[in-house]
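Asker: Next up is a structure, given as structure tokens.
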Amino acid sequence: MPQSLSALILAAGKGVRMKSDLPKVMHPIFGRPMVHYVVEAVRSVGAEAVHLVVGFGRDHLIRFLKPLGVSFVEQTEQLGTGHAVQCFARAVTQPPKCLLVVCGDTPLLSTETLRAMLDLHHREKPAVTMMTLEMANPGNYGRIIRDKLGNAVAIREAKDCSEAELKIKEVNMAVYFFDGEPLYDHIFKLSNKNRQREFYLTDLVEMLTCEGLKVLTVLERDESSTLGINSRADLAKVTSIVKDRILNEHMAKGVTILDPCQTWIEPGITIGADSIVWPGSVITGSTQIGPRCIVGPNTVIHDSTIGEGVKVPCCHLERAEIPPGTEIRPFSSLTGSHI
């Protein structure tokens, strides 16, 4: 019987480089806040309780994310990732059996890698299992320090690395499965005696290994799944990746998309096989399109139901229901219509 799993999503930061009054994790990707994707990822691997650490824009976050069934932990001062977990430990005084800690700005998290980490964690029972990545240019990522036997013994933040440590290519991805008891035993022992004057969650690794506790790593192979969003350019890059994944799924199911670069289809849309989507089409909301339809060019469809064999050229449809075999006249605009 697998251990119960809780998840903690770190989402208290403002995201200064976003240049926005909106909390960073609330910036949308295809109509949903980026943190929504993270909530889905942790739930997909069995997280029974999902907690969100909030700070900047807390009221906005709580108002929009409460319907997702998550709990909230307030971090009034952003004093580091370790401090965020301390806030959680104060709010939830009973250590969870297993706690998955992730960042709220990583919407492409690989559920496959998360499952591999969880399986290893349950099988080997370490104090922590963490995700790492080999990077040609590690930049500001924390480096994984290993001993002569290849065991991970520490994570060194880039700003605190020596010249030799900066040459290490394996980096920390800030995704952890913690055994609850050793986490709670050590989380309040963290120090902020570093250049940033912050409490680093990463310091726990060295603390745990110095006491003889086991730390394991799982190497992520897909660098795109680890992308964090810190700027509008990052947001556009991740959105493009999500868009390509959605379009590829539709094409694999028998939908022809003539120009993926000029087609926008949100998550959750259904399109029947042998339908053709022309360039300039935007399909959003809860739209359902039957088989053998022709959509576009330059058509916008939102929250509509389109029957089999419908032709929709250069139209705008919103909350419309179109029966099978209908051919909509070009440049039509239908709202709440039943034909």
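Asker: Which residue fluctuates the most in the chain, going by a Gaussian network model with Cα springs under 10 Å, if the choices are 211, 124, 308?
Answerer: Result: 211 has the largest fluctuation of those listed.
Asker: Counting only complete DSSP H runs, which helices of the chain cover 24 Å or more along their long axis at the Cα atoms and score a mean Kyte-Doolittle of -0.5 or above?
Answerer: Result, helices passing both filters: 232-252.
Asker: Could you order peptides 227-233, 199-205 by the average number of other Cβ atoms within 10 Å of their residues, highest first?
Answerer: The densest-packed peptide leads the list: 199-205, 227-233.
Asker: Here's something else I'd like to know. 222 nm [θ] for the chain, helices only, -39500 (n - 2.57) per DSSP H run of 4+, per residue, to 500?
Answerer: Taking each H run of at least 4 residues, the total per residue is -7500 deg cm²/dmol.
Asker: With the chain treated as a Gaussian network of Cα nodes joined by springs under 10 Å, which of 41, 158, 84 yields the largest mean-square fluctuation?
Answerer: The residue that fluctuates most here is 158.
Asker: For an R0 of 41 angstrom, estimate the FRET efficiency from the Cβ-Cβ distance between residue 74 and residue 147 and round to the nearest 0.05.
Answerer: Efficiency, from the Cβ-Cβ distance: 0.60.
Asker: Picking from 55, 142, 325, which is most flexible by a Gaussian network model of the chain using Cα springs under 10 Å?
Answerer: Fluctuation is largest for 325.
Asker: Assuming R0 = 22 Å, can you tell me the calculated FRET efficiency for the pair residue 164 and residue 219, based on Cβ-Cβ distance, to the nearest 0.05?
Answerer: With R0 = 22 Å, the Cβ-Cβ based efficiency is 0.55.
Asker: Taking 8 Å as the Cα distance limit and 6 or more residues as the minimum spacing, I'd like the relative contact order of region 5-226 as a percentage.
Answerer: Value for region 5-226: 24 percent.
Asker: What list of ³J(HN,Hα) couplings, whole Hz, do you get for region 137-148 from phi and the Karplus terms 6.51, -1.76, 1.60, once you set θ to phi - 60° and write x for glycine and proline?
Answerer: 10, x, x, 8, 6, x, 8, 8, 9, 10, 7, 5
Asker: Shape of region 88-237 from its Cα gyration tensor (a ≥ b ≥ c, root eigenvalues): rounded if a/c is under 1.5, otherwise prolate when a/b > b/c, or oblate?
Answerer: Judged from the Cα gyration tensor, region 88-237 comes out rounded (a/c under 1.5).
Asker: Let me ask something else about it. Within region 5-226, how many Lys pairs sit with Cα atoms under 19 Å apart, leaving out pairs fewer than 8 places apart on the same chain?
Answerer: The number of close lysine pairs in region 5-226 is 12.
Asker: Further question: Can you give the extra length, in nm with one decimal, that the chain gains between residue 319 and residue 286 once fully stretched, where that is 0.36 nm per residue apart less the Cα-Cα distance?
Answerer: The span from residue 319 to residue 286 would gain 11.0 nm if fully extended.
Asker: What is the calculated FRET efficiency for residue 233 to residue 112, with r their C-beta to C-beta distance and R₀ = 25 Å, to the nearest 0.05?
Answerer: 0.40
Asker: Roughly what would the spin-label model give for residue 258 and residue 303, points 7 Å off Cα along C-beta, in nm?
Answerer: 2.9 nm
Laboratory data are not the source of any read-out in this text; all were calculated from the coordinates shown. Not measured: the values here are computed from a predicted model. Backbone-built Cβ (ideal geometry, glycine too); neighbour counts: all protein chains shown.
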